[in-house]
1. Cα-based Rg of region 4-127 per 2.2 N^0.38 Å, rounded to two decimals?
2. With n ≥ 4 as the cut-off for DSSP H runs, can you work out [θ] at 222 nm for the chain, using -39500 (n - 2.57) per run divided by the number of residues, rounded to the nearest 500?
3. From Cα pairs below 8 angstrom and at least 6 apart in sequence, can you work out the relative contact order of region 4-127, rounded to a whole percent?
4. Would you mind getting me the FRET efficiency between residue 74 and residue 19? Use the beta-carbon distance for r and R0 = 41 Å, nearest 0.05.
5. Calculate how steeply helix 102-125 sits against the longest principal axis of the alpha-carbon atoms of the chain, using the helix alpha-carbon long axis, and give the answer as 0 to 90 degrees to the nearest 10.
6. Please give the helix 62-75 orientation as an angle from the longest Cα principal axis of the chain, in degrees from 0 to 90, rounded to the nearest 10.
């Protein structure tokens with residue numbers, strides 16, 4: 001198995017192995033918000049998740065949230081947005097284990113850090129602002 005702990009260290013993020021094949025780290029966004037990052041090696045893939053990117057929304061806001069997530073998924077590259085079983089919005093990426101090296105690991109983290117910083121504040125506005133439109137849609 002690839003030693004992802006060394007990739008975390010080289011990238012400059014603390015990566016704690018919380019169980020075999022699963023790492024946890026945190027990073028700060030541009031507005032000093034803190035994000036949890038999980039990396040899981042399963043079968044032939046390395047799965048990355050910023051979870052939660054945004055907390056669950058009230059039931060009345062789910063239609064607007066889902067529509068916003070679908071539109072945002074059209075605008076982001078090499079990552080995707082999803083809602084987990086708890087209703088939290090997650091930012092996800094996957095890499096084939098056979099092609100993982102520090103460069104591809106760092107690229108995935110760069111994208112997750114960038115999009116977390118860009119999207120989290122917009123997603124927090126979806127419920128309280130019914131006519132909200134992300135700047136991504138301009």
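1. 1.06
2. -11000 deg cm²/dmol
3. 24
4. Working from the Cβ atoms, E equals 0.75.
5. 20
6. 60
Bear in mind that the values in this text are calculations on the coordinates, not laboratory data. Not measured: the values here are computed from a predicted model. In this analysis, Cβ positions are derived from the backbone assuming ideal geometry, glycine residues included, and neighbour counts consider all displayed protein chains.
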